[in-house]
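Since the structure comes first, as structure tokens, the remarks are kept for the end.
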């Protein structure tokens, strides 16, 4: 991604059943984002600062003022939006996802070479216990058959 004024970029991601998350808005100040930016609300440690440069890297959702939706033109869905990518937990993963990016101020330009969506399914702790118990049971059956 490259743009002459980072603070002007707003980004909205919508999953197939309609849950919409605004994960970037008015962050980064007057800096020029130039590089690969990853948004991950589980593994990211900080948000992109409100009005300071942020080097390419992994960040949490970065919306300023906090949890305040900016409008997106059609065909993007209207607010309300969630402001954390964790809102996609337990949602429909298969289907068409939509990414909307808007420059909310005039007089500058930017480009994006590509966007990639990676979905990591993390089992719930209770599921892991059940899986572990099931595997232990299978191993126990296998050992008994050999004896």
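The values are calculated or read from the model by the stated rules, or taken from the named source; none is laboratory data. Just so we're clear, the structure is a prediction, and the values are computed from it rather than from any experiment. Here Cβ is always computed from backbone atoms with ideal geometry, including for glycine, and neighbour counts include all displayed protein chains.
Taken as a whole, the condition of being more than 28 Å from residue 58 (Cα to Cα), modelled with pLDDT of 50 or more and out of contact with any strand residue (DSSP E or B) (no Cβ under 6 Å at 6 or more places or on another chain) does not apply to residue 113.
Any chance the stretch 2-23 includes a residue that's in contact with a helix residue (DSSP H, G or I) (Cβ under 8 Å, 6 or more places away or on another chain), at pLDDT 90 or above and within 23 Å of residue 109 (Cβ to Cβ)? Checked the stretch 2-23: at least one residue is in contact with a helix residue (DSSP H, G or I) (Cβ under 8 Å, 6 or more places away or on another chain), at pLDDT 90 or above and within 23 Å of residue 109 (Cβ to Cβ).
When restricted to residues that are in a loop (DSSP other than H, G, I, E, B) and either buried (at least 20 other Cβ atoms within 10 Å of the Cβ) or at positive phi (or both), the stretch 2-25 contains 2. Of the residues that make up the stretch 71-81, is at least one under 17 Å from the mean Cα position of the chain (by Cα), in contact (Cβ under 8 Å) with a residue 24 or more places away in the chain, closer than 20 Å to residue 110 by Cα and buried (at least 20 other Cβ atoms within 10 Å of the Cβ)? The answer is no, given that none of the residues of the stretch 71-81 is under 17 Å from the mean Cα position of the chain (by Cα), in contact (Cβ under 8 Å) with a residue 24 or more places away in the chain, closer than 20 Å to residue 110 by Cα and buried (at least 20 other Cβ atoms within 10 Å of the Cβ).
Scanning the stretch 82-94 for residues that are at pLDDT 90 or above and part of a loop (DSSP other than H, G, I, E, B), which turns out farthest from the chain's Cα centre (by Cα)? If we take residues in the stretch 82-94 being at pLDDT 90 or above and part of a loop (DSSP other than H, G, I, E, B), then 83 is farthest from the chain's Cα centre (by Cα).
Determine, yes or no, whether residue 108 is buried (at least 17 other Cβ atoms within 10 Å of the Cβ), in a loop (DSSP other than H, G, I, E, B) and in contact (Cβ under 8 Å) with a residue 40 or more places away in the chain. No; evaluated as a whole, the condition is false for this residue. Right, residue 102: over 15 Å from residue 117 (Cα atoms) and not in a loop (DSSP other than H, G, I, E, B) or not? Taking the combined requirement at face value, the residue satisfies it. Every condition in (1) touching a residue at least 24 places away in the same chain (Cβ under 8 Å); (2) in contact with a strand residue (DSSP E or B) (Cβ under 9 Å, 6 or more places away or on another chain) is met by residue 30 except one, and the failing one is (2). When residue 28 is tested against (1) part of a loop (DSSP other than H, G, I, E, B); (2) more than 16 Å from residue 105 (Cβ to Cβ); (3) in contact with a helix residue (DSSP H, G or I) (Cβ under 6 Å, 6 or more places away or on another chain), just one condition goes unmet, and that condition is (2). Taking the criterion of being crowded, with 20+ Cβ neighbours inside 10 Å and at pLDDT below 90, would at least one residue in the stretch 39-53 satisfy it? Among the residues of the stretch 39-53, not one is crowded, with 20+ Cβ neighbours inside 10 Å and at pLDDT below 90, which makes the answer no.
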